[in-house]
Amino acid sequence: ARGGSKGIPLKNIKLLAGVPLIGWVLRAATDAGVFHSIWVSTDHDEIEKVAKQFGAQVHRRSPEVSQDSSTSLEAIREFLNHHHEVDIVGNIQATSPCLHPSDLIKVADLIQKEGFDSVFSVVRRHQFRWSEVKKGENKMTEPQNLNPAKRYRRQDWPGELYENGSFYFAKRHLIEKGYLQGGKMAYYEMRAEHSVDIDIDIDWPIAEQRVLSFGYFGKEPLKEVKLLVCSIDGCLTNGRIYVTEDQKEMVSYDYRDIVGINLLKKRGIEVQLISERDCSKTLSAMKLGCIAKISATNKLQVLEDWKKDMGLSWKEVAYLGNEESDVECLKKAGMSGVPADACAVAQKAAGYICKSNGGCGAVREFAEHIFLLLEKVNSARKQ
């Protein structure tokens, strides 16, 4: 994961559906349970920070293998020079966010149990190819994999296998010879919907929709959210308190967030609010009609009590927080989020980082995220 990117600056840690791009593959690699260690090779401080947040170790690559012209193979060989204990390398690309642990488990078995020296990922495509005719050449194009007089129907043609760049596994002796593919080789065919490569054929908004539909969200299956608990200060408001000359306090909020709360209620999701300070007058003025706990010294205990009273599991609870006091709640909730300007420890604990700041539409944005994931839950039920 180099820091330089000609297309999208710091693409490897840009948020995709609320998670840094590299976080999707690191989560899949960790949950696969087939690796003795997981490393990110990078030349950038911010990428190192994100990698460690997701539990990876970091190899700081040298300037020699951090150029635009540097290859993955060069970076891997440099890594192996420092790690003589490694026998097999699974080179996973950060730009493949729909990778699932089940794929990695099967590939590890191909090498460790079935004796292959290298395994790489492919996807099946049904595309007809034609020969290229360069400008100025006086000749016709020719069909490469079809007979135009008898074109296949898609269902009658098995298609062709193409590398999708998601991962390359290889034994050490091959890599030291300068190969990622060689010896006794095998391909691993990934499902088409999991074969997303942001580098090649997809843009960011489309990728977010694909990830929300087909990405890997963790070992536990998603459940329908029944309760959203939102921290008032710094989430529903921007955390600022304005004091008038006659010592009255005022706060500001974004009407989009009120709309988000109302939309959640219409979908049957209970919304409850929590604050460490006494903000009863603020809540009264907002007229939200939500249960609220103010002057809360132990947010986790409040959340436990609400969950128990409603008879919910943690997977049915969503939490939006922004401060260190929210961290334990963020870790427990089945769906968790923070505004873009939340503190670092809260961001680390959250499953989704909003693009919006607190008091500037973060609640509405998190509501939309919940709705998208509920579509994923409903789709899984139908299947």
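The values are calculated or read from the model by the stated rules, or taken from the named source; none is laboratory data. Fair warning: this is a prediction, and the values are worked out from it, not measured in the lab. Counting neighbours? That spans all protein chains shown, and the Cβs are built from the backbone with ideal geometry, glycine included. Just so you know, the surface numbers come from the protein's heavy atoms only, side chains and all, with ligands and any DNA or RNA stripped out. Shrake-Rupley method; radii C 1.70, N 1.55, O 1.52, S 1.80 Å.
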### Message
Among the residues of the range 49-62, are any open to solvent by 40 Å² or more (accessible area, probe 1.4 Å), farther than 28 Å from residue 352 by Cβ and more than 17 Å from the chain's Cα centre (by Cα)?
### Response
yes
### Query
Filtering the range 265-297 down to residues that are more than 15 Å from residue 233 (Cα to Cα) and of a type in the set (Val, Ile, Thr), which residue is surrounded by the most Cβ atoms within 10 Å (Cβ to Cβ)?
271
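Condition check ((1) in a loop (DSSP other than H, G, I, E, B); (2) loosely packed, with under 14 Cβ neighbours inside 10 Å; (3) not assigned by the TED database to the domain that holds residue 351) across all residues:
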residue: 179; (1), (2), (3): yes, no, yes
residue: 186; (1), (2), (3): no, no, yes
residue: 196; (1), (2), (3): yes, no, yes
residue: 206; (1), (2), (3): no, yes, yes
residue: 210; (1), (2), (3): no, no, yes
### Query
Taking residue 164 and the conditions (1) in contact with a strand residue (DSSP E or B) (Cβ under 7 Å, 6 or more places away or on another chain); (2) among the polar types (S, T, N, Q); (3) open to solvent by 60 Å² or more (accessible area, probe 1.4 Å), which numbered condition does it fall short on, given that it satisfies the others?
(3)
### Message
Quick check on residue 331: is it more than 25 Å from residue 256 (Cα to Cα), modelled with pLDDT of 90 or more and not assigned by the TED database to the domain that holds residue 207?
### Response
yes
### Query
What residue, of 326, 309, is touching a residue at least 40 places away in the same chain (Cβ under 8 Å) and in a helix (DSSP H, G or I)?
326
#### Entry: Which numbered condition residue 303 fails, given (1) in contact with a Cys (Cβ under 7 Å, 6 or more places away or on another chain); (2) touching a residue at least 60 places away in the same chain (Cβ under 8 Å); (3) within 19 Å of residue 373 (Cα to Cα)
(3)
### Message
Among the residues that make up the range 298-313, is at least one of them at pLDDT 95 or above, buried (at least 17 other Cβ atoms within 10 Å of the Cβ) and within 18 Å of residue 256 (Cα to Cα)?
### Response
no
### Summary
residue 149 fails exactly one of (1) aliphatic (A, V, I, L, M); (2) farther than 30 Å from residue 80 by Cα; (3) surrounded by 15 or more Cβ atoms within 10 Å (Cβ to Cβ), namely (3)
#### Entry: Residues of the range 165-180 satisfying the condition of being in contact with a helix residue (DSSP H, G or I) (Cβ under 9 Å, 6 or more places away or on another chain) and under 19 Å from residue 110 (Cα atoms)
166, 167, 168, 169, 170, 171, 172, 175, 179, 180
### Query
Can you pull out the residues in the range 1-45 that are over 29 Å from residue 372 (Cα atoms), assigned by the TED database to the domain that holds residue 95 and surrounded by fewer than 19 Cβ atoms within 10 Å (Cβ to Cβ)?
34, 35, 36, 37, 38, 39, 45
### Query
Does the range 348-358 contain any residue that is open to solvent by less than 10 Å² (accessible area, probe 1.4 Å) and either in a helix (DSSP H, G or I) or among the small types (Gly, Ala, Ser) (or both)?
yes
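Out of 85, 114, 74, which single residue is in contact with a His (Cβ under 9 Å, 6 or more places away or on another chain) and open to solvent by 20 Å² or more (accessible area, probe 1.4 Å)?
Working: 114 fails: in contact with a His (Cβ under 9 Å, 6 or more places away or on another chain); 74 fails: in contact with a His (Cβ under 9 Å, 6 or more places away or on another chain).
Result: 85 is the single residue among 85, 114, 74 that is in contact with a His (Cβ under 9 Å, 6 or more places away or on another chain) and open to solvent by 20 Å² or more (accessible area, probe 1.4 Å).
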### Summary
Exactly one of 219, 226 is in contact with a Leu (Cβ under 6 Å, 6 or more places away or on another chain) and either basic (Lys, Arg) or open to solvent by 60 Å² or more (accessible area, probe 1.4 Å) (or both), and that residue is 226
### Query
With respect to the numbered conditions (1) within 21 Å of residue 264 (Cβ to Cβ); (2) in contact with a strand residue (DSSP E or B) (Cβ under 7 Å, 6 or more places away or on another chain), which one is the sole condition not fulfilled by residue 347?
(1)
### Message
Within the range 58-75, take every residue that is at pLDDT below 95 and aliphatic (A, V, I, L, M) and give me the one that is nearest to residue 179 (Cα to Cα).
### Response
73
